[in-house]
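Colleague: Sharing a structure, written as structure tokens. Questions coming.
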Amino acid sequence: MMKLDGFYGKRICVAVSGGVDSVVLLHYLQERAEKYGYLVCATHMEHGIRGAESVDDMRFTQELCARWGVPLFVFRENCLEKAKTDKESLETVARNFRYEKFRELITTDKTDYIALAHHQNDEAETVLFRLARGTSLTGARGMKEESGRFLRPLLSWKKSEIIDYAKERGLAYCVDKTNFERDATRNKLRLEVLPALENAVPGAIENLARFALLAGEDDEYLYGESQKLLKKEGDGRFVVAFSDCKPLFRRACLTAIKALGIEKDYTARHLEDAFVLQKAERGAYLCLPKNLLAEKTLHGIAFFLKKEKEFTQKKKPLAMPFNEKGFDGGRYLVKVELALPKERAGDWKVLKLDLDKLPKSATFRFREEGDEIKTFGGTTKSLKKYFNEKKIPVSEREWLPLIAEKDGGKVYAVCGVEIAEEVKVTSDTKRVAYLTIEKR
């Protein structure tokens, strides 16, 4: 049972629907408020789903709170109409409405905590429902008695204990008839499956709830370990280091996906594909939902949003004539030195070229359609094919500065990677230039 001695001086707002669970929770907290030094208020959400019955539940809650001297905040929404307008499920719209108002109560300083009337049967029902639909360990994890600003003081109580509490104290409450309609999957579980399971295996409900708790503890540990694989780079990308441990790798990928703002639309298949991507060639990539890309790089699988990449491309510097002062390429800074640098930057090569062989028309620019390079050995190939052979990451190709003809498509150097046959250093070379690139 949840301890209440840590809430001295705090305000706890109970979400009251008028049903037995929330009425018992309000009564339970109100009776102990003076002893533990916290203040109680309540909130009621009228979803506009059950017509006159919903309004009756609202009025019942208003009268109850007035009788018990509990301040009440009421919010109303036509969730049926909103679900049609937004093309969302009614359940999603109703839940979003509730939690939006819960957050509003907290952010407007009306309360410190929201108390919800979830109990042990709710926990067991949710776990059973998710397991039946093929959930992972993360999906099987249970609710917590205290999660941020949300409290669940009745989470260890059985439904029968809540009903007994109400009977012993003569508490009146509303009955939502839709809870007894067996068309809904959750109602079938609540009304048919769980009672039958408890009858066949006494203690099943409690054991399912305990499993949820243990699953949550294990999952939390695995997520903590998975963060060791994850690194955020300066350009907003998240890189998950290579790993043969699928449970950790999947969780690191999921953290990266959510950090990029993708809260839904991904599936277990996407995470499995990202795991397999580790065995692909460098530069291989996956197209994931919501313009998300996953690409194999030198150090791991990088996750980034395609739209962010396209946005930053618009800010790419203009082409400029080659000069020995170098070039600021936005993502990479090109340095031109006449003496061999003591260190190279990152994983990119130090290139050396014959300055006297470089045409005066040579330009610092980025790749364009039709670009070609004549590599060492004299083979001419398209820059696209060259990048594929060199396994240059897709996310880097648009940003690697080139030394090339401004309009002719001939490339003399891919900075950080290779110079062309035409400008290579030989025994006759008199002036050598050393090229390095440095990520900004």
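The values are calculated or read from the model by the stated rules, or taken from the named source; none is laboratory data. The structure displayed is predicted, hence computed values, not measured ones. For neighbour counting, all protein chains shown are included, and Cβ atoms are generated from backbone atoms with ideal geometry for every residue, glycine included. Ligands, DNA and RNA are excluded from the accessible area calculation, which covers all protein heavy atoms including side chains. Shrake-Rupley method; radii C 1.70, N 1.55, O 1.52, S 1.80 Å.
Colleague: What number goes with the only condition from (1) open to solvent by 90 Å² or more (accessible area, probe 1.4 Å); (2) touching a strand residue (DSSP E or B) at 6+ places or on another chain (Cβ under 7 Å); (3) under 22 Å from Val432 (Cα atoms) that Glu372 does not pass?
Modeller: In the conditions (1) open to solvent by 90 Å² or more (accessible area, probe 1.4 Å); (2) touching a strand residue (DSSP E or B) at 6+ places or on another chain (Cβ under 7 Å); (3) under 22 Å from Val432 (Cα atoms), Glu372 misses (3) alone.
Colleague: Also, quick follow-up: Among the numbered conditions (1) surrounded by 14 or more Cβ atoms within 10 Å (Cβ to Cβ); (2) at pLDDT 90 or above; (3) in contact with an Asp or Glu (Cβ under 7 Å, 6 or more places away or on another chain), tell me where Ser395 comes up short.
Modeller: Going through the list (1) surrounded by 14 or more Cβ atoms within 10 Å (Cβ to Cβ); (2) at pLDDT 90 or above; (3) in contact with an Asp or Glu (Cβ under 7 Å, 6 or more places away or on another chain), Ser395 breaks only (2).
Colleague: Here is a further query. Kindly check whether there is at least one residue in the stretch 164-183 that is surrounded by 12 or more Cβ atoms within 10 Å (Cβ to Cβ) and within 30 Å of Ala268 (Cα to Cα).
Modeller: Checked against the condition, which is being surrounded by 12 or more Cβ atoms within 10 Å (Cβ to Cβ) and within 30 Å of Ala268 (Cα to Cα), the stretch 164-183 yields no hits at all.
Colleague: Evaluate the stretch 421-431: report whether one residue or more is part of a strand (DSSP E or B), in contact with an Asp or Glu (Cβ under 9 Å, 6 or more places away or on another chain) and surrounded by 15 or more Cβ atoms within 10 Å (Cβ to Cβ). Don't jump to the end; show me each part of the working.
Modeller: From the stretch 421-431, those part of a strand (DSSP E or B) are none; that's our starting set.
No, the stretch 421-431 has no match at all.
Colleague: Identify, please: which residue in the stretch 398-420 is farther than 12 Å from Thr436 by Cα and in contact with a helix residue (DSSP H, G or I) (Cβ under 7 Å, 6 or more places away or on another chain) and is, among those, surrounded by the fewest Cβ atoms within 10 Å (Cβ to Cβ)?
Modeller: Glu398
Colleague: Okay, moving on. List the pairs whose first member sits in the stretch 368-392 and is at pLDDT 85 or above, whose second member is in a helix (DSSP H, G or I), and whose Cβ atoms are under 6 Å apart, counting only residues at least 6 apart or on separate chains?
Modeller: Asp371/Leu383; Ile373/Leu383; Ile373/Tyr386; Lys374/Glu421; Phe387/Arg397
Colleague: Run down Lys290, Lys258, Lys231 and say which single residue is part of a loop (DSSP other than H, G, I, E, B) and open to solvent by 50 Å² or more (accessible area, probe 1.4 Å).
Modeller: Sole residue among the options that is part of a loop (DSSP other than H, G, I, E, B) and open to solvent by 50 Å² or more (accessible area, probe 1.4 Å): Lys290.
Colleague: Could you list all residues from the stretch 146-162 that are of a type outside the set (S, T, N, Q), over 23 Å from the mean Cα position of the chain (by Cα) and surrounded by fewer than 16 Cβ atoms within 10 Å (Cβ to Cβ)? So that I can check it myself, show each step before the final result.
Modeller: Quick first cut of the stretch 146-162, residues of a type outside the set (S, T, N, Q) only: 146, 148-155, 157-159, 161-162.
Within this subset, residues satisfying the condition of being over 23 Å from the mean Cα position of the chain (by Cα) are 151-155, 157-159, 161-162.
The one that is of a type outside the set (S, T, N, Q), over 23 Å from the mean Cα position of the chain (by Cα) and surrounded by fewer than 16 Cβ atoms within 10 Å (Cβ to Cβ): Glu161.
Colleague: Let me ask something else. Answer yes or no: is there a residue in the stretch 329-343 that is open to solvent by less than 60 Å² (accessible area, probe 1.4 Å), assigned to a strand (DSSP E or B), more than 30 Å from Ser427 (Cα to Cα) and at pLDDT 85 or above.
Modeller: Checked the stretch 329-343: at least one residue is open to solvent by less than 60 Å² (accessible area, probe 1.4 Å), assigned to a strand (DSSP E or B), more than 30 Å from Ser427 (Cα to Cα) and at pLDDT 85 or above.
Colleague: Select the helices (runs of 4 or more DSSP H) contained entirely in the stretch 148-219, then report the ones holding at least 1 residues which are over 30 Å from Glu63 (Cβ atoms). Walk me through how you get there before you give the answer.
Modeller: Working: elements: 159-169, 185-188, 194-200.
Correct list: 185-188, 194-200.
Colleague: Looking only at the stretch 36-64, how many residues end up being open to solvent by 40 Å² or more (accessible area, probe 1.4 Å) and either in contact with a strand residue (DSSP E or B) (Cβ under 7 Å, 6 or more places away or on another chain) or β-branched (Val, Ile, Thr) (or both)?
Modeller: So the count comes out to 3.
Colleague: Out of Glu220, Glu233, Glu198, Glu192, which single residue is touching a helix residue (DSSP H, G or I) at 6+ places or on another chain (Cβ under 7 Å) and of a type outside the set (Lys, Arg)? Can you show your working first?
Modeller: Working: Glu220 fails: touching a helix residue (DSSP H, G or I) at 6+ places or on another chain (Cβ under 7 Å); Glu233 fails: touching a helix residue (DSSP H, G or I) at 6+ places or on another chain (Cβ under 7 Å); Glu192 fails: touching a helix residue (DSSP H, G or I) at 6+ places or on another chain (Cβ under 7 Å).
Every option except Glu198 fails the conditions.
Yes/no matrix, rows are residues, columns are (1) within 26 Å of Lys264 (Cα to Cα); (2) aliphatic (A, V, I, L, M); (3) open to solvent by less than 70 Å² (accessible area, probe 1.4 Å); (4) in a strand (DSSP E or B):
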site	(1), (2), (3), (4)
Arg95	yes, no, no, no
Ile106	yes, yes, yes, no
Ile114	yes, yes, yes, yes
Ala117	no, yes, yes, no
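Colleague: Select from the stretch 65-83 the residues that are in a helix (DSSP H, G or I) and in contact (Cβ under 8 Å) with a residue 40 or more places away in the chain and write down the one among them that is most open to solvent (accessible area, probe 1.4 Å).
Modeller: Applying the first criterion (in a helix (DSSP H, G or I)) to the stretch 65-83 yields 65-68, 79-83.
Checking the rest, the ones that are also in contact (Cβ under 8 Å) with a residue 40 or more places away in the chain come to 65, 68.
Working: Cys65: 2, Trp68: 67 Å².
Going through the qualifying residues, I end up with Trp68.
Colleague: Go through the stretch 350-378 and report how many residues are in contact with a Cys (Cβ under 9 Å, 6 or more places away or on another chain) and of a type in the set (A, V, I, L, M).
Modeller: Keep residues of the stretch 350-378 that are in contact with a Cys (Cβ under 9 Å, 6 or more places away or on another chain), which gives 351, 364.
Going one step further and asking which of them are of a type in the set (A, V, I, L, M), we end up with 351.
Within the stretch 350-378, residues that are in contact with a Cys (Cβ under 9 Å, 6 or more places away or on another chain) and of a type in the set (A, V, I, L, M) number 1.
Colleague: Considering every residue within the stretch 234-255, establish whether at least one is open to solvent by less than 40 Å² (accessible area, probe 1.4 Å), assigned to a loop (DSSP other than H, G, I, E, B), at pLDDT 95 or above and not acidic (Asp, Glu).
Modeller: Keep residues of the stretch 234-255 that are open to solvent by less than 40 Å² (accessible area, probe 1.4 Å), which gives 236-241, 243, 248-249, 251-255.
After this cut, where a residue has to be assigned to a loop (DSSP other than H, G, I, E, B) as well, the list is 236-237, 243.
From the residues that got through so far, the ones that are at pLDDT 95 or above too are 243.
Subsequent filtering for residues that are not acidic (Asp, Glu) retains 243.
Yes, the conditions are met somewhere in the stretch 234-255.
Colleague: List, please: which pairs have Cβ atoms under 9 Å, are six or more places apart or on different chains, and start with a residue in the stretch 20-42 that is under 18 Å from Tyr8 (Cα atoms) and in a helix (DSSP H, G or I) and end with one that is of a type in the set (Gly, Ala, Ser) and modelled with pLDDT under 95?
Modeller: Note: pairs meeting the criteria are Tyr36/Gly6.
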